[in-house]
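J.: Quick one: structure below, then a few questions.
The values are calculated or read from the model by the stated rules, or taken from the named source; none is laboratory data. All values reported here derive from a predicted model rather than from experimental measurement. Counting neighbours? That spans all protein chains shown, and the Cβs are built from the backbone with ideal geometry, glycine included. The accessibility values were calculated without ligands, DNA or RNA, using every heavy atom of the protein model including side chains. Shrake-Rupley method; radii C 1.70, N 1.55, O 1.52, S 1.80 Å.
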Amino acid sequence: MSEGDGVRSVHRALDLLERFDDEHPTWTLAELTAASGLPKTTVLRLVTTLEQRGLVAATGPGKYAIGPGFLRWSRLSSATMEIPPAVRASMGKLSADTGETANLYIRVGRTRVCLAQAPGSLSVRHMVVVGSSMPLWGGAASKVLLTDPPVLGADPSLIEELALEAPRQAGFAKRLRAAVTDVGARGFAVSHGERELGASGVAAPVRRADGRVVAAIAIGGPTTRFSDDRLPSYVHAVRRCAETIMRTGWSGFSGS
């Protein structure tokens, strides 16, 4: 096997692992084959290798989930990816100012992961679990993360690939690309019911000095509260929080 073949196999294995998320905690071999578009023999070989290394585990006949091998890396990640107190304080102020739950997201492959959270003060709240991953095809934070300059440049077909994963009608890829372009120009994103009916969000980019988008700061809550009269103040608060986080000097966890 050539070096190129080896790198391609690594990418394919990682692509399979990225398909495991909160909405798809388990996959069958047939489902992975259909979703990935890879030959069945390739999927079987990759899954077998991942299972041998403990990165996936069989949960039933032909069905797989993330394996115990990730537990060690999870502990290491938790120990090293600590959010600075100043960033948490900024998120707390955002939550207090709006009453909505504030979340900090980073991009991991074709997903966004909730890195930190400041719960809202209102009795009816929309919550996500810290550490959970969500698809990049929907939600205000996803669009913000997709505006990171090198992302679409490195993978021009990413939008089309995300559109294939989305439960949307034909033409969604074109609409998603236009939305990302618009968000990049405006500097913030608003979403209503894109990933979950009745839930809305506002997000803004957290950039480092070289312009890279290292995170998205967002608030989320019931759509009934994200009304036209409230949205301007929500957008202002989220963008102000993003600027405050950037002034702390926090540069995220991306080395690229």
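J.: Among the strands (runs of 3 or more DSSP E) lying completely within segment 93-206, list those that include at least 1 residues that are open to solvent by 30 Å² or more (accessible area, probe 1.4 Å) and basic (K, R).
T.: Per the criteria, 101-108.
J.: Hey, another quick one. Cβ-Cβ below 9 Å, separation at least six or inter-chain, first residue in segment 10-35 and in a loop (DSSP other than H, G, I, E, B) and surrounded by 13 or more Cβ atoms within 10 Å (Cβ to Cβ), second at pLDDT 90 or above and not aliphatic (A, V, I, L, M): which pairs?
T.: Within 9 Å, the pairs are R19/W27; R19/E31; F20/T26; F20/W27; F20/Y64; H24/E31.
Table: residues versus (1) in contact with a Leu (Cβ under 8 Å, 6 or more places away or on another chain); (2) farther than 19 Å from I106 by Cα.
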{"residue": "G184", "(1), (2)": "no, no"}
{"residue": "G187", "(1), (2)": "no, no"}
{"residue": "E194", "(1), (2)": "no, no"}
{"residue": "L197", "(1), (2)": "no, yes"}
{"residue": "V202", "(1), (2)": "yes, no"}
{"residue": "R207", "(1), (2)": "no, no"}
{"residue": "A215", "(1), (2)": "yes, no"}
{"residue": "I219", "(1), (2)": "yes, no"}
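J.: Let me ask something else. So H126 clears everything in (1) of a type outside the set (F, W, Y); (2) under 23 Å from F253 (Cβ atoms); (3) within 18 Å of the chain's Cα centre (by Cα) except one condition, right? Which one?
T.: The number of the failed condition is (2).
J.: Out of all the residues in segment 49-65, which are open to solvent by 70 Å² or more (accessible area, probe 1.4 Å) and more than 29 Å from E160 (Cβ to Cβ)?
T.: E51, Q52, R53, T59, P61
J.: Which pairs turn up if I take residues in segment 221-250 that are under 18 Å from G187 (Cα atoms) and open to solvent by 30 Å² or more (accessible area, probe 1.4 Å) and look for partners that are small (G, A, S) and in a loop (DSSP other than H, G, I, E, B) with beta carbon separation below 8 Å, at least 6 apart in sequence or on another chain?
T.: Here the result reads R239/G187, each pair linking segment 221-250 to a residue that is small (G, A, S) and in a loop (DSSP other than H, G, I, E, B).
J.: Within segment 36-48, track down each residue that is part of a helix (DSSP H, G or I), touching a residue at least 24 places away in the same chain (Cβ under 8 Å) and either hydrophobic (A, V, I, L, M, F, W, C) or open to solvent by 70 Å² or more (accessible area, probe 1.4 Å) (or both).
T.: Matches in segment 36-48: V43, L46, V47.
J.: Residues being under 17 Å from the mean Cα position of the chain (by Cα), modelled with pLDDT of 95 or more and assigned to a loop (DSSP other than H, G, I, E, B): count how many of those fall in segment 207-256.
T.: Residues flagged as under 17 Å from the mean Cα position of the chain (by Cα), modelled with pLDDT of 95 or more and assigned to a loop (DSSP other than H, G, I, E, B) within segment 207-256 amount to 0.
J.: Given the criteria under 26 Å from S157 (Cβ atoms) and at pLDDT below 90, does L17 qualify?
T.: Answer is yes for this residue.
J.: Which one of T80, T111, T28 is of a type in the set (V, I, T) and modelled with pLDDT of 90 or more?
T.: Exactly one residue qualifies, and that residue is T28.
J.: May I ask you to verify whether V183 is farther than 22 Å from A35 by Cβ, aliphatic (A, V, I, L, M) and modelled with pLDDT of 95 or more?
T.: It is true that V183 is farther than 22 Å from A35 by Cβ, aliphatic (A, V, I, L, M) and modelled with pLDDT of 95 or more.
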